[in-house]
Amino acid sequence: MRKLDTVGNFMMTTAHPDDENNAMLAYFSHGKGYRTSLVTATHGEGGQNEIGPELFVPLAVLRTEELLAAHRYDGADQYFARAIDFGFSFSVEETFEKWGHDEILGDFVRHIRTIRPDVIVGFVFDGDGGGQHHQASTRLALEAFRAAADPAKYPEQIKEGLRPWQAKKFYYTDTSGFGPPRGPGPRVGGAPGPEAPSNTVFASGAQFDPVLGRTYDEIAAEARSMHKCQGMSQLLPLPAPISGGGGFGPGPGGVRNYRLRDSVLDGGVNRPDKEIFDGVDTSLRSVLSFAPSAPAALGEGLDRITAAIADARQQLASGGEAATVAPLAAGLRALREVRASLNSMSLPETAKFEIDFRLAQKEPQFAQALMLAADVRLDAIARDGLVVAGQPLQIDLVAVNRGKTAVDRIVTASGFSAPAGCGTMTMQPGISSGCDQKVTIPADARLTAAHFRNGPQGARYVFDPDVPFGLPFRPTPFTATFSLSVSNTPFTITLPIQARSEHDIFSGEKRSEIHVVPAFALTTTPEIVVVSTGAPAQTRDVRVTVINHSKGAATANVTLDLPQGWRATPATQPISLTREDEQMTVRFALQPPTAATLAAAAMKPGGNQFVVKARVTAGSQTSAQGYQVVEYPHTTRRHVLVDPQVAVKSLDVNVKPNLTVGYVMGVGDEVPAALEQLGVKLTMITPDDLAWGDLSKYGVIMTGVRAYERRADLRAYNQRLIEYANAGGTVIVQYNKFEFNDAQYGPYPAKVGRERVTDENAEMKLLDPAHPVFNTPNRIGRADWANWVQERGLYFLDEAGRDPQYKDLIEFTEPFPYNQGAKRGALVEAKVGRGRWIYVGLGLWRQLPAGTDGAYRLMANLLSLP
């Protein structure tokens with residue numbers, strides 16, 4: 001009901017998922033009832049992933065889903081710009097260069113013109129702290145604040161039907177450090193302290209909401225905990241602060257300062273407002289400002305809506321939910337009467353649009369309130385969640401009247417090859433109705449997948465043009481519309497048709513939209529094959545897995561499309577699948593051409609890269625499509641379409657012969673597959689191996705990405721690795737975050753720091769050029785440091801407090817003013833007894849799956865150290 005008598009409209013803008021202030025979103029959405037939107041510049045694809053293997057576009061899908069999971073708590077609507085998170089940046093200028101200043105500015109302008117917010121709040125605006133994507137996104141949002149009102153800016157949007165819009169105030173997150181006001185208790189808005197500028201608003205989420213039963217900080221903490229792949233805290237706030245705790249810093253709780261940066265209200269940026277919405281009328285009557293000379297009937301109609309809502313609130317307090325049905329129905333009828341009368345009033349066309357734009361948003365809110373007041377439960381279930389084009393499908397459309405008022409209902413199902421639904425029925429109190437429908441997926445149904453893909457220029461996505469701009473995902477075409485009538489007042493509720501599952505008993509019931517998949521889904525492994533040009537012709541295995549999604553037995557042939565001169569044995573692999581969801585994996589022996597042919601190809605730009613594609617043929621139909629599932633207990637199932645292909649690299653790379661590597665698996669770790677391509681014998685080290693196994697059988701032991709974070713056995717038995725090194729072994733520790741600092745896991749005192757080198761082309765200097773890591777068995781030259789992706793590395797071994805027995809082997813210099821100075825700690829060695837211990841902060845874990853040539857050669861040298 002808080003939403004029904006307000007037209008307040010709030011927008012927050014950020015750079016990445018998890019930048020948002022969830023307490024503020026919850027306050028304006030749930031507490032004030034405003035339309036609340038979050039516009040995020042990127043999908044966060046440049047971050048790390050602490051829960052799985054997803055990187056780049058799959059990580060974008062995961063982090064988008066995590067945002068939607070957070071919004072289930074804070075109530076915000078989610079939109080995106082086209083910017084790609086290309087990794088941590090120390091430069092606003094670099095960010096604009098890669099994103100495209102004008103393009104992403106246009107995206108923010110588009111969202112402002114579409115959403116038409118009253119107030120916009122951005123993230124940090126200036127300073128050298130944090131990734132400069134934050135500052136870049138806020139500067140673009142500020143520029144868009146004025147540009148959205150100028151019809152000369154982005155006129156193509158105006159031609160499409162968008163209209164200029166001027167929001168009233170723009171705030172940004174102020175990091176100046178002013179303290180919150182002192183007073184009897186915390187609140188979401190408070191008067192600025194004496195040392196703060198008068199245009200500073202302090203926002204705290206500590207206010208308790210008796211309707212919600214929680215503070216906004218408590219709601220925010222649960223929302224923020226959904227950002228699991230970024231390692232957000234899973235601890236929820238206690239009812240009262242405890243010693244050493246209670247503050248959330250930049251997270252969901254605590255107090256944030258917001259500075260008024262631009263305003264079109266009287267007083268401009270010098271307004272001494274106590275609340276972000278001070279000076280902005282958000283009542284239903286505020287729409288009269290668009291038509292100062294409107295007839296009195298318009299105001300009277302708005303007052304009737306407001307009075308009905310007030311009556312509903314009073315009835316709720318005295319008689320419970322059922323008592324609100326009549327006044328809510330009266331309010332909805334009054335709303336429709338006002339909207340219908342607008343065309344007969346002598347109002348300017350612009351005024352009609354602005355008034356109806358806001359009133360139209362009230363109709364679905366009234367419908368939702370009426371459904372809840374009448375105690376009607378609706379559901380739309382599919383008996384199968386993975387379908388192929390042309391497949392029959394059983395759906396169940398369910399309506400239950402648990403209230404005290406009769407309800408009429410009609411149900412229609414959309415998205416199928418023919419209309420479906422349930423006829424008219426009057427549901428008396430206590431009656432449930434359900435109808436089973438046999439429907440058919442259209443023969444031309446689109447495969448379900450993310451609607452954004454990497455564009456040809458800049459760090460920008462291309463959005464599918466048939467999806468409303470900036471939505472998190474393509475809306476499902478498979479929906480059920482319930483046409484209901486309560487108290488002689490019709491309204492509709494539309495639901496996505498969902499499939500239910502309990503595949504993971506620890507997750508409980510999971511729901512997902514209906515996903516259209518290929519009849520045969522193909523995946524190939526490995527993702528990258530490496531062939532050494534300096535060794536005799538090597539045969540490499542390529543495996544193709546086929547999943548049968550058709551509703552019965554199927555036969556087909558699997559083949560590989562090969563570059564000229566390459567051969568596969570056998571040429572074709574027949575498969576026979578007996579049922580739906582059955583899988584079969586076939587293997588091909590991939591034979592490269594002669595070394596001379598490879599060497600000749602390598603003389604051309606990109607001549608050492610080849611692609612092997614898999615396809616399946618059944619009758620006259622050929623398919624070459626696969627998909628990656630992105631799903632966790634806290635997110636719903638999403639698909640990313642992938643081509644079933646293997647990238648083949650011919651490299652001049654050698655590794656010590658007969659080398660056995662013991663690997664302690666990390667988080668989302670794809671390094672082991674790359675090590676196997678170098679020809680080493682790879683063994684995964686188990687907890688028992690670490691506890692009491694014979695480690696001396698390994699030539700090298702390597703710990704995976706952030707292994708100290710997630711491997712309790714590694715932390716417990718770490719001393720065994722030091723003993724292994726002391727006896728003459730080589731221990732290679734890939735990058736870790738600050739969990740590494742909880743104890744002394746290295747042979748001597750050292751901690752992981754925050755240093756990183758974000759420029760993938762940053763200048764490097766070898767501090768010990770004669771060291772075998774740069775010379776044996778591969779001579780590492782300048783070419784090996786070219787064509788890196790995203791970054792050089794991160795979370796280096798900190799120089800401060802480090803034992804002098806650690807020796808830096810490499811040094812980087814970045815071009816950015818906010819990250820000046822020589823950066824060490826990316827590749828550090830310590831001699832331990834007769835062996836060695838090496839910390840690798842270089843982003844080899846990111847380079848190897850991306851196929852960076854020099855990363856393979858450097859990794860081969862690390863493994864081959866004497």
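Filtered by the rule that a residue be closer than 25 Å to residue 57 by Cα and open to solvent by less than 50 Å² (accessible area, probe 1.4 Å), segment 609-623 gives 610, 612, 614, 623.
Taking segment 381-429 as the region of interest, the strands (runs of 3 or more DSSP E) fully inside it that hold 2 or more residues being open to solvent by less than 30 Å² (accessible area, probe 1.4 Å) and more than 28 Å from residue 516 (Cβ to Cβ) are 392-401, 407-414.
Take segment 47-86 and flag every residue that is open to solvent by 10 Å² or more (accessible area, probe 1.4 Å), closer than 13 Å to residue 454 by Cβ and either hydroxyl-bearing (Ser, Thr, Tyr) or not in a loop (DSSP other than H, G, I, E, B) (or both). Residues satisfying the conditions are 57, 58.
In segment 6-46, the residue that is nearest to the chain's Cα centre (by Cα) out of those that are in a loop (DSSP other than H, G, I, E, B) and within 22 Å of residue 208 (Cα to Cα) is 20.
Selection of first residues in segment 692-709 that are on the phi > 0 side of the Ramachandran plot and of second residues that are modelled with pLDDT under 95 and not in a loop (DSSP other than H, G, I, E, B), restricted to Cβ pairs under 8 Å at least 6 apart or on distinct chains, gives the following pairs, ordered by first then second residue: 706/739.
Any residue at all in segment 774-796 that is assigned to a loop (DSSP other than H, G, I, E, B), open to solvent by 10 Å² or more (accessible area, probe 1.4 Å) and without any contact (Cβ under 8 Å) to a residue 60 or more places away in the chain? Yes, segment 774-796 contains a residue that is assigned to a loop (DSSP other than H, G, I, E, B), open to solvent by 10 Å² or more (accessible area, probe 1.4 Å) and without any contact (Cβ under 8 Å) to a residue 60 or more places away in the chain.
Within segment 785-823, the only residue that satisfies the criterion of being over 30 Å from the mean Cα position of the chain (by Cα), closer than 18 Å to residue 740 by Cβ and of a type in the set (Ser, Thr, Tyr) is 806. Of the conditions (1) farther than 28 Å from residue 55 by Cβ; (2) out of contact with any Pro (no Cβ under 8 Å at 6 or more places or on another chain); (3) open to solvent by 50 Å² or more (accessible area, probe 1.4 Å); (4) touching a residue at least 12 places away in the same chain (Cβ under 8 Å), residue 771 fails just one. Which one is it? Exception for residue 771: condition (3). Count of segment 333-374 residues, restricted to those that are outside any helix (DSSP H, G or I), among the hydrophobic types (A, V, I, L, M, F, W, C) and open to solvent by 10 Å² or more (accessible area, probe 1.4 Å), is 2.
Selection within segment 636-670: residues that are among the hydrophobic types (A, V, I, L, M, F, W, C) and assigned to a loop (DSSP other than H, G, I, E, B). The member of this set that is nearest to residue 385 (Cα to Cα) is 667.
Identification of helices (runs of 4 or more DSSP H) wholly contained in segment 678-717 with 2 or more residues that are surrounded by fewer than 18 Cβ atoms within 10 Å (Cβ to Cβ) and not polar (S, T, N, Q) yields 687-692, 712-716. Of all the listed residues (136, 148, 141), the sole one being touching a helix residue (DSSP H, G or I) at 6+ places or on another chain (Cβ under 9 Å), of a type in the set (Gly, Ala, Ser), under 22 Å from residue 789 (Cβ atoms) and surrounded by 19 or more Cβ atoms within 10 Å (Cβ to Cβ) is 136. Within segment 441-461, being farther than 24 Å from residue 38 by Cα, polar (S, T, N, Q) and open to solvent by 80 Å² or more (accessible area, probe 1.4 Å) holds for one residue alone: 457. If you go through segment 95-136 and keep only what is charged (D, E, K, R) and at pLDDT 95 or above, you end up with 97, 98, 102, 103, 107, 110, 113, 116, 118. Does segment 606-627 contain any residue that is in contact with a Ser or Thr (Cβ under 9 Å, 6 or more places away or on another chain) and under 27 Å from residue 685 (Cβ atoms)? No, segment 606-627 contains no residue that is in contact with a Ser or Thr (Cβ under 9 Å, 6 or more places away or on another chain) and under 27 Å from residue 685 (Cβ atoms). Restricting 671, 640, 661 to residues that are touching a strand residue (DSSP E or B) at 6+ places or on another chain (Cβ under 9 Å) and closer than 30 Å to residue 446 by Cα narrows the list to 640.
Within segment 462-489, the set of residues being loosely packed, with under 15 Cβ neighbours inside 10 Å and in a strand (DSSP E or B) comprises 462 only. Residues in segment 223-240 that are open to solvent by 50 Å² or more (accessible area, probe 1.4 Å) and part of a helix (DSSP H, G or I): 228 alone. Being at pLDDT 95 or above, among the acidic types (Asp, Glu) and farther than 30 Å from residue 66 by Cβ is a description that does not apply to residue 273.
Going by the structure shown, is residue 330 more than 37 Å from the chain's Cα centre (by Cα), outside any loop (DSSP other than H, G, I, E, B) and within 23 Å of residue 298 (Cβ to Cβ)? Yes; evaluated as a whole, the condition is true for this residue.
Does at least one position in segment 35-46 carry a residue that is within 14 Å of residue 140 (Cβ to Cβ), of a type outside the set (Gly, Ala, Ser) and surrounded by fewer than 24 Cβ atoms within 10 Å (Cβ to Cβ)?
Looking through segment 35-46, none of the residues is within 14 Å of residue 140 (Cβ to Cβ), of a type outside the set (Gly, Ala, Ser) and surrounded by fewer than 24 Cβ atoms within 10 Å (Cβ to Cβ).
Restricting segment 352-404 to residues that are among the basic types (Lys, Arg) and under 32 Å from the mean Cα position of the chain (by Cα) leaves a set whose member that is farthest from residue 629 (Cα to Cα) is 358.
Residues of segment 21-35 that are farther than 8 Å from residue 74 by Cβ and among the hydroxyl-bearing types (Ser, Thr, Tyr): 27, 34.
Contact map, segment 58-71: first residue under 16 Å from residue 232 (Cβ atoms), second residue in a helix (DSSP H, G or I) and among the acidic types (Asp, Glu), Cβ cut-off under 6 Å, separation 6 or more or different chains; the map is empty. Taking the criterion of being assigned to a strand (DSSP E or B), closer than 21 Å to residue 746 by Cα and among the hydrophobic types (A, V, I, L, M, F, W, C), the only residue of segment 805-820 that qualifies is 810. None of 449, 380 is under 23 Å from residue 520 (Cβ atoms) and either at pLDDT 95 or above or among the β-branched types (Val, Ile, Thr) (or both) except 449.
Being in a helix (DSSP H, G or I), free of Cβ contacts under 8 Å to residues at least 24 places away in the same chain, open to solvent by 10 Å² or more (accessible area, probe 1.4 Å) and not aromatic (Phe, Trp, Tyr) narrows it down to one residue among 102, 126; which is it?
Being in a helix (DSSP H, G or I), free of Cβ contacts under 8 Å to residues at least 24 places away in the same chain, open to solvent by 10 Å² or more (accessible area, probe 1.4 Å) and not aromatic (Phe, Trp, Tyr) holds for just one of 102, 126, which is 102.
Might you check whether a residue that is of a type in the set (D, E, K, R) and free of Cβ contacts under 8 Å to residues at least 60 places away in the same chain occurs anywhere in segment 634-656? Yes, the conditions are met somewhere in segment 634-656.
Taken over segment 651-686, the residue count meeting the criterion of being more than 30 Å from residue 500 (Cα to Cα) and either within 34 Å of the chain's Cα centre (by Cα) or aromatic (Phe, Trp, Tyr) (or both) is 20.
The values are calculated or read from the model by the stated rules, or taken from the named source; none is laboratory data. This is a predicted model, so every value here is computed, not measured. Using ideal geometry, Cβ is built from the backbone for each residue, glycine included, and neighbour counts are taken over all protein chains shown. These area figures cover heavy atoms from the full protein model, side chains too; ligands, DNA and RNA do not enter into them. Shrake-Rupley method; radii C 1.70, N 1.55, O 1.52, S 1.80 Å.
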